[in-house]
Amino acid sequence: MTVKQDLLRKIPSVDELLNTPKIKALLKDHPRSVVVDKTRTVTDGIRKAIAKGTDERKAKDMAGKAVIVERIKREVDEYVRPNLRHVVNATGVVLHTNLGRSILADEAVVAVVEAARYYSNLEFDLKKNARGSRHSHIEELLVRLTGAEEAMAVNNNASAVLLALSAIAKGKEVIVSRGQLVEIGGSFRIPDVMSAGGARLREVGTTNKTYIRDYKNAITEKTALLMRVHPSNFRVVGFSHEAGLKELVDLGKETGLPVLDDLGSGVMVDLEKYGITGEPTVQNNVKDGADLVTFSGDKLMGGPQAGLIVGSSEFVSRLKKHPMARAVRIDKMTLAAMEATLRLYLDEKEAVKKIPTLRMLTERPQSVARRAKALASEIKTAAGKRVDVSVRSDMSKAGGGSLPLLDLPTTVVCVDPLDMNVNKLEERLRFFDPPILARISEDKLVFDVRTIQEGENGLIVKALTDIARNG
Ligand SMILES: *Cc1c(COP(=O)(O)O)cnc(C)c1O
């Protein structure tokens, strides 16, 4: 018999493995189907590797029962862990699209749990003892905060725009400036959303310059809507011009056409006081007379994923009644988080303090610096012999396609792993539980504390000490 055959024969059967104490313990805690499946995957994998001709010593190591049992345990542990989980965002990108954009205020988190755990008056009017509307829970707040006549919420801003286009411009033309035909990321491209909504795009102007007369000249009996799109993730700078919202509203009044303003981010606090300029507030654009303003719940507003629609009663009520409104309706947990977030906006100071997105964007440089120094000294105390730690100034980003030109002065903690390649350290942190995401710059790992949450310093310190000790 060859060595290979001998080894293959030695691999324990699935039944034998399932009867070892360690796997029996796994069976107590986890579904049998998962444990059996992973046992099979591991043994099949080893069989294949040996058959393919892995070198003898390695093959011998693989085929040992204890080693196999350990591998099964690792595979099961990994499988039963939730796929969607907490990660530590040390990138300094506040609205990180890949990391879930906004995180919620505690008030909103509590509201989500309540809505999830108990029955609620989601669509029940307790006073009238009759069917109610899910929009009612947030409509008064949105109207009060934005100055609009009527408001509603849907699943996200992409569906808000789609709903508005379907309800108002289906089979007709929508005039948009060429400079605003943006792609927001993923697959939200204005021309595509337009055709999905059954409307025809009528581009006017040029990439860098569009005047109000360009809109005016394009209006025909087929026109249903004048649309403005916030360029979000990019800016045309230099020799450029866009028609202002007020000009569009005036043209709309003159010609009897409504104006849809897709604001994208939707700030509800004037961030200029905090040194963040150039982002129009929802209130402002409502005041300027847009018939419909749409914006995201989870960008600069700092709430859950949602699309908010505010504007004149005539048009918002048409959207509420449109059949597509049902297809894009907001879910009750989101609605609960949204209401709690909006309530915080009733007091602007509270909003800036308690809504994480606003808090992170407006945190003062001295405060960020203090937190960076604290993290650096914690790392030094715990792992100072194995890593080199320093702090330096850098820039954070708003992210989420918002405020692309904004650089927020920040202080970062730089970790040089000395005996380890920095790419390896980055990977080990990404594979940690919970995963920690940081940036590599000049052969150091860079942690921007702006986006690190309360209680997460300890996780970073623990990860770095574990990795420095065990490799
Ligand atoms: C982000 C954005 C959208 C899409 O909003 P979601 O909430 O991601 O669906 C649409 N329009 C503009 C201008 C945006 O910035």
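Key figures for this structure:
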| read-out | value |
| --- | --- |
| log10 of Debye I(q)/I(0), alpha-carbon scatterers only, for the chain at 0.06, 0.07, 0.13 Å⁻¹ | -0.39, -0.52, -1.15 |
| Built amide H within the under 5 Å cut-off of Met395, gap 5+ | Thr410 |
| Burial ordering of Ser13, Ser177, Ser240, fewest other beta-carbon atoms within 10 Å first | Ser13, Ser240, Ser177 |
| Projected area averaged over orientations for segment 199-338, convex hull of C-alpha atoms, nm² | 9.9 |
| Estimated distance in nm for a label pair at Thr206 and Thr220, the labels positioned 7 Å out from Cα along Cα-to-Cβ | 2.4 |
| Degrees, to the nearest 10: 245-255 long Cα axis against longest axis of the chain | 50 |
| Label point distance in nm, Arg40-Ser187, each placed 7 Å from Cα along Cα→Cβ | 3.4 |
| Calculated log₁₀ intensity ratio I(q)/I(0) where the Debye formula runs over C-alpha points of segment 13-134, q = 0.09, 0.10 Å⁻¹ | -0.55, -0.62 |
| Descending Cα extents along the principal axes, segment 3-80, whole Å | 37, 20, 16 |
| Per-peptide average of other Cβ atoms within 10 Å, ordering 317-323, 86-92 highest first | 86-92, 317-323 |
| Cα Rg, Dmax, segment 106-354, angstrom units | 18.1, 60 |
| Taking only Cα atoms of segment 361-458, radius of gyration then Dmax in Å | 13.6, 41 |
| Computed label-point distance, nm, for sites Asn98 and Glu56 using a 7 Å Cα→Cβ extension | 4.5 |
| Phi-based couplings in Hz for segment 437-447 (Karplus 6.51, -1.76, 1.60; Gly and Pro marked x) | 10, 10, 9, 9, 8, 6, 6, 10, 8, 10, 10 |
| 19 Å cut-off, amide nitrogen to a point 7 angstrom out along Lys385 Cα→Cβ, residues in segment 444-471 | 461-471 |
| Gain on full stretching of the segment that runs from Phe124 to Arg359 - 0.36 nm per residue minus C-alpha separation | 81.1 nm |
| FRET efficiency, 1/(1 + (r/R0)^6) with R0 25 Å, evaluated for Val109 and Arg81 via beta carbons | 0.70 |
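No lab work stands behind these numbers, since they all come straight from the coordinates. If you're wondering where the values come from, they're calculated on a predicted model, not measured in any experiment. Cβ atoms come from the backbone with ideal geometry, glycine included; neighbour counts cover every protein chain shown.
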